[in-house]
Amino acid sequence: MHARTLVASGAAMVMGLAALASAPLAQAASSPCGSLAGTATSGTYDHVVWVIYENKTRKQIVGSPDAPYLNSLINQCAEATDWNHLSQTSLTNYIGMTSGSLGSNGEITSNRDPSVWPQSSVSLFEQLGTQARQLAESQPSNCYLKGSGDFVINHAPLQYYTRIRTSLCPTQAVALGVTPDLSAKFTLIVPNKTDDMHRTSKNTTLSQKIKAGDTWSAGYLPKVFASPEYQAGRTVVILTWDEGTTRDFVVPFIVISPYVRPGTKVGTHYDHYSLLKTTENMLGISTYLGHAADTGTGDFRADFGLS
């Protein structure tokens, strides 16, 4: 081989190695987690994404043959084994997650629309303004205020906050697209009634409900991990469920990030207020909302290698 050819080959190899070094997830294309595990991080991130499912306990999901994809994420990434819901009412949990309160005028006790349970409190959406977005599957139009078909209004908390009803809701409470738009700092992804493991006319047994949610996850979440935001290595994705059962408050909680060490299991007791507090910290928000400010509300970043 001529010397000129050797030099060219060497230069190409150096350029190839440089390209790999500049793409943090390139070496872990088959898994969304682990490529940056152990790397120092400030604990703040460019993007945080929540995906919220419905009405399942950890025992019903973890290890279930009906949820092979979600269990593969647990094995590839990390989970909390003692994550607790706040209430038996779906809407109450969504409001708690996003405002730090079970209701601005007393605890919400039913899953009714915003005309019944208007919320005057400040929310995470208001804290972030146009840098917060809610993507709801099957939502008929922006800021839709009623349930319709597979769109469930009480799973879409942004619409309940009256302080931002006219300013942010029309542009930030939008339908989930074929490809997720994760350009905002915070994105709440709300699967529809079929895909969030809720009971429907077609999915009545526990097995059917779990399979439906797992199938949707296997089809949609890879698009989240393929997004430019996630591929840049500065995004944390959280999968959790709004509530368990009357006897079992512990719900699945899966943490996905290139900084997460695969197979991590965290046994610390947490609840949905910790999700709010930690998200505020990850996005650099210095003022905590509601019970997120309580000294007993933990920040889970260190447990998962995120700080």
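The values are calculated or read from the model by the stated rules, or taken from the named source; none is laboratory data. Since this is a predicted model, take the numbers as computed values, not measurements. Glycine gets a Cβ as well: all are built from the backbone with ideal geometry, and neighbour counts include every protein chain shown.
Okay, residues lined up against (1) touching a Lys or Arg at 6+ places or on another chain (Cβ under 7 Å); (2) charged (D, E, K, R); (3) closer than 15 Å to Asp242 by Cα; (4) at pLDDT 95 or above:
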site	(1), (2), (3), (4)
Leu6	no, no, no, no
Gln76	no, no, no, yes
Glu79	yes, yes, no, yes
Gln88	no, no, yes, yes
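Filtered by the rule that a residue be more than 16 Å from Val122 (Cβ to Cβ), aliphatic (A, V, I, L, M) and either in contact with a Phe, Trp or Tyr (Cβ under 9 Å, 6 or more places away or on another chain) or not in a loop (DSSP other than H, G, I, E, B) (or both), region 146-177 gives Ile153, Ala156, Ala173, Val174, Ala175, Leu176. Scanning region 155-164 for residues that are surrounded by fewer than 24 Cβ atoms within 10 Å (Cβ to Cβ) and either farther than 15 Å from Ser115 by Cβ or in contact with an Asp or Glu (Cβ under 7 Å, 6 or more places away or on another chain) (or both) returns Arg163, Ile164. Pairing each residue of region 264-275 that is under 13 Å from Ala302 (Cα atoms) and buried (at least 23 other Cβ atoms within 10 Å of the Cβ) with any residue that is among the charged types (D, E, K, R) and modelled with pLDDT under 95, provided the two are 6+ apart or on different chains, yields no C-beta distance under 7 Å.
Counting the residues of region 155-199 that are closer than 13 Å to Asn55 by Cα and among the β-branched types (Val, Ile, Thr) gives 1.
If the condition is being among the hydroxyl-bearing types (Ser, Thr, Tyr) and not in a strand (DSSP E or B), then region 205-244 contributes Thr205, Ser207, Thr215, Ser217, Tyr220, Ser227, Tyr230. Among the residues of region 195-225, those that are loosely packed, with under 15 Cβ neighbours inside 10 Å and under 15 Å from Gly177 (Cα atoms) comprise Gly219, Pro222, Lys223. When the test is whether a residue is in contact with a Ser or Thr (Cβ under 9 Å, 6 or more places away or on another chain), without any contact (Cβ under 8 Å) to a residue 40 or more places away in the chain and part of a loop (DSSP other than H, G, I, E, B), Lys202 passes it. In region 63-89, how many are small (Gly, Ala, Ser) and surrounded by 23 or more Cβ atoms within 10 Å (Cβ to Cβ)? The number of residues fulfilling the criteria is 3.
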